[in-house]
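Student: Supplied in structure tokens, the structure appears directly below.
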Amino acid sequence: MPTTPRGITRRASLRSLVGGSLLLPGIVSDLLASQENHPSTQELGDPLAARAPHFPTRAQRVIFIFSNGGVSHMDTFDYKPRLFAADGKTLGVGGGLSNQQRRLLRPGWEFRPGGRCGTLVSDLFPHLRDCMDEICLIRSMKSDDNEHYQATLGIHTGSFFFSRPSLGSWVSYGLGTLNQNLPSFVVISAGSPYAGTQIFNNDFLPAYHQGVRVIPGREPIANLERRSARTGTQELELGLAEALNWRHLQARGLDTELAARIRSFETAFHMQTEARDVFDLSRESDATLDLYGLKRGQTDGFGWPCLVARRLAERGVRFIELVDGSSSHNWDQHGDMAEHAQHARNIDQPIAGLLRDLRQRGMLDDTLVVWTTEFGRTPGVDGDKGRGHHSACFSSWMAGAGVRGGTTYGSTDELGAAVAENRVHVHDFHATLLHLLGMDHERLTFRHGGRDYRLTDVHGTVVQGLLA
């Protein structure tokens, strides 16, 4: 039976408080009596309980970082010396743009080797460049759509045109949570990205697998504070609600889905204590704050989400997504690629700090960190000094548990216009991520509308070259 923070069951709290209430004793006694011999939600099967993966694995949780707007691969992680030399020339550009003549635009930043592995990374990411020994860089990603909404939907759900459950919801459905007092799937997003709430929506999966949105600021989760300071008032209210819920449940044959919904109310109740602790960074040392580029008390910028992600991860949250940018302020630089610099400064040190923090705490051994965007950008100019949308190829990376750090995988052609070898489609990316969590993407299915659905639909191959 779930307990209050004081260690008293709600049922006991209800009994102790009801004597001083104005409720009819007969009604309350009847409710309590009807509840006495009911099994708990755990006994009926808790859908958020931690479940064993399909096969043994190191990764226990995911921190998924999404940079919204289309980060230019040839300006960040995909060094193209020919593009530097061809600046200003007009050439036919492949990768879906072969029929167009565009003036080529050189990358705006120099590239230098990072870590012992020597992976070349641009000056946009000096802090991340120093972490390349932890990172497996994928230079051959492929999406199916050049529009933000569809591409963002695809990288999150595997579907480019129809609403489907998000990646985080699938992970929650497959593995549950390691902490019953916190959600299994949390999204930290200051603004609304392309595709909006669909990026963390459960769609046809049960509602308790939807991501809980956290907004950096004074009230990260709305209505988390108790409505009444009076001791026991909330326990009384929720105790009565629990009794009524159980009566409703008994009349419907102890349905496990309804029992799970009751269990979600319990999680929300306990979040009032545990979630407040997660967002309280006052006990973090100055050295830790410095690692993320944070000043004490600061909640803006990307350092706060990254540090909170570590705190959620160490408390057992299974899937944590950090959204960098919104639909109105992001990496979509058609007019001037120089604007990439401010977006890179916002995330470079915080993400590098997260990787270092996880490593020094021993958490990177069982935490998978993923960074991606929805597509890349054209080698040819778009607008005055910008680049256009480009789904033919882009870069992403993974680090941590089960990943072959200090390596690169795949490549693009001389201009960064098309995949040259070892293509990694979005479906392959998802299949590999699930594999690292110990799940077979072909077996992780949910029956809906008369057929079995999965994250990768009827596609996807695990990319063995990314695995340690």
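The values are calculated or read from the model by the stated rules, or taken from the named source; none is laboratory data. Keep in mind the model is a prediction, meaning the values are calculated, not measured. Here Cβ is always computed from backbone atoms with ideal geometry, including for glycine, and neighbour counts include all displayed protein chains.
Student: Going through Val278, Val323 one at a time, which residue ends up being under 14 Å from the mean Cα position of the chain (by Cα) and β-branched (Val, Ile, Thr)?
Tutor: The match here is Val323.
Student: Let me confirm something: among Leu466, Leu455, Leu437, Leu444, which residue is touching a Cys at 6+ places or on another chain (Cβ under 9 Å) and buried (at least 20 other Cβ atoms within 10 Å of the Cβ)?
Tutor: Leu466
Student: Something else about it: Enumerate the pairs (first residue in region 280-296 and among the β-branched types (Val, Ile, Thr); second residue anywhere and outside any loop (DSSP other than H, G, I, E, B)) with beta-carbon separation below 8 Å, excluding pairs fewer than 6 apart on the same chain, so at least 6 apart or on different chains.
Tutor: Between residues of region 280-296 that are among the β-branched types (Val, Ile, Thr) and residues that are outside any loop (DSSP other than H, G, I, E, B), the close pairs are Thr288/Leu307; Thr288/Asp357.
So that you can scan it fast, the table gives a plain yes or no per residue for (1) touching a residue at least 60 places away in the same chain (Cβ under 8 Å); (2) assigned to a loop (DSSP other than H, G, I, E, B); (3) buried (at least 18 other Cβ atoms within 10 Å of the Cβ):
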{"position": "Cys117", "(1), (2), (3)": "yes, yes, no"}
{"position": "His127", "(1), (2), (3)": "yes, no, yes"}
{"position": "Asp133", "(1), (2), (3)": "yes, no, no"}
{"position": "Cys136", "(1), (2), (3)": "yes, no, yes"}
{"position": "Arg139", "(1), (2), (3)": "yes, no, yes"}
{"position": "Asp144", "(1), (2), (3)": "yes, yes, no"}
{"position": "Tyr149", "(1), (2), (3)": "no, no, no"}
{"position": "Thr152", "(1), (2), (3)": "yes, no, yes"}
{"position": "Ile155", "(1), (2), (3)": "yes, no, yes"}
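Student: For Ser163, all conditions in the list (1) out of contact with any strand residue (DSSP E or B) (no Cβ under 9 Å at 6 or more places or on another chain); (2) of a type outside the set (A, V, I, L, M); (3) crowded, with 24+ Cβ neighbours inside 10 Å; (4) more than 22 Å from Ala392 (Cβ to Cβ) hold save one; what is the number of the exception?
Tutor: Here Ser163 meets the rest and fails (3).
Student: So which of Gly191, Gly196 ends up being touching a Gly at 6+ places or on another chain (Cβ under 8 Å) and surrounded by fewer than 20 Cβ atoms within 10 Å (Cβ to Cβ)?
Tutor: Answer to the selection: Gly191.
Student: Modelled with pLDDT of 95 or more and in contact with a Cys (Cβ under 8 Å, 6 or more places away or on another chain): which single residue out of Ser172, Ser166, Ser140, Ser159 fits that description?
Tutor: Ser140
Student: Step by step: first the residues of region 308-334, then only those that are aliphatic (A, V, I, L, M) and outside any loop (DSSP other than H, G, I, E, B), then the one that is nearest to Ser169 (Cα to Cα). Which residue is that?
Tutor: Step by step, filter region 308-334, then rank; the result is Ile320.
Student: Here's something else I'd like to know. Out of curiosity, is Gly449 crowded, with 23+ Cβ neighbours inside 10 Å and at positive phi?
Tutor: no
Student: Still on this structure, please answer the following. Out of all the residues in region 415-438, which are assigned to a loop (DSSP other than H, G, I, E, B) and closer than 22 Å to Gln60 by Cα?
Tutor: Those that are assigned to a loop (DSSP other than H, G, I, E, B) and closer than 22 Å to Gln60 by Cα: Leu437, Gly438.
Student: Can I ask one more? Which residue pairs have Cβ atoms under 9 Å apart, sit 6 or more places apart or on different chains, and have a first residue in region 323-346 that is without any contact (Cβ under 8 Å) to a residue 60 or more places away in the chain and a second that is polar (S, T, N, Q)?
Tutor: Filtered contacts from region 323-346: Glu339/Gln333.
Student: Here's a follow-up. Restricting to region 179-198, what's the tally of residues that are at pLDDT 90 or above and either closer than 12 Å to Ala49 by Cβ or among the charged types (D, E, K, R) (or both)?
Tutor: Final tally of qualifying residues: 1.
Student: Go through Phe319, Phe375 for me and flag whichever is surrounded by 24 or more Cβ atoms within 10 Å (Cβ to Cβ), within 25 Å of Met74 (Cβ to Cβ), aromatic (Phe, Trp, Tyr) and at pLDDT 95 or above.
Tutor: Only one candidate passes the filter, namely Phe375.
Student: A further question on this structure: Does Gly303 fit the bill of being buried (at least 20 other Cβ atoms within 10 Å of the Cβ), touching a Phe, Trp or Tyr at 6+ places or on another chain (Cβ under 6 Å) and touching a residue at least 40 places away in the same chain (Cβ under 8 Å)?
Tutor: Spelling it out, Gly303 is indeed buried (at least 20 other Cβ atoms within 10 Å of the Cβ), touching a Phe, Trp or Tyr at 6+ places or on another chain (Cβ under 6 Å) and touching a residue at least 40 places away in the same chain (Cβ under 8 Å).
Student: Further, regarding this structure: Name the residues in region 447-468 that are touching a strand residue (DSSP E or B) at 6+ places or on another chain (Cβ under 9 Å) and either among the aliphatic types (A, V, I, L, M) or closer than 24 Å to Ser143 by Cβ (or both), would you?
Tutor: Across region 447-468, the qualifying residues are Tyr453, Arg454, His459, Gly460, Thr461, Val463, Gly465, Leu466, Leu467, Ala468.
Student: Can you find a residue that is at pLDDT 90 or above and under 30 Å from Arg377 (Cα atoms) anywhere in region 42-53?
Tutor: The answer is no; no qualifying residue exists.
Student: Tell me, yes or no, whether region 401-414 has at least one residue that is in a strand (DSSP E or B), within 22 Å of the chain's Cα centre (by Cα), at pLDDT 95 or above and among the aliphatic types (A, V, I, L, M).
Tutor: The answer is yes; a qualifying residue exists.
Student: I'd like the full set of residues that are out of contact with any Leu (no Cβ under 8 Å at 6 or more places or on another chain), part of a loop (DSSP other than H, G, I, E, B) and not hydroxyl-bearing (Ser, Thr, Tyr), limited to region 439-468.
Tutor: Answer for region 439-468, where residues must be out of contact with any Leu (no Cβ under 8 Å at 6 or more places or on another chain), part of a loop (DSSP other than H, G, I, E, B) and not hydroxyl-bearing (Ser, Thr, Tyr): Glu442, Arg443, Gly449, Gly450, Asp457, Val458, His459, Gly460, Val462, Val463, Ala468.
Student: Which is of a type in the set (Gly, Ala, Ser), over 25 Å from Gly405 (Cα atoms) and at pLDDT 95 or above, of Ala344, Ala338, Ala352, Ala313?
Tutor: Ala338
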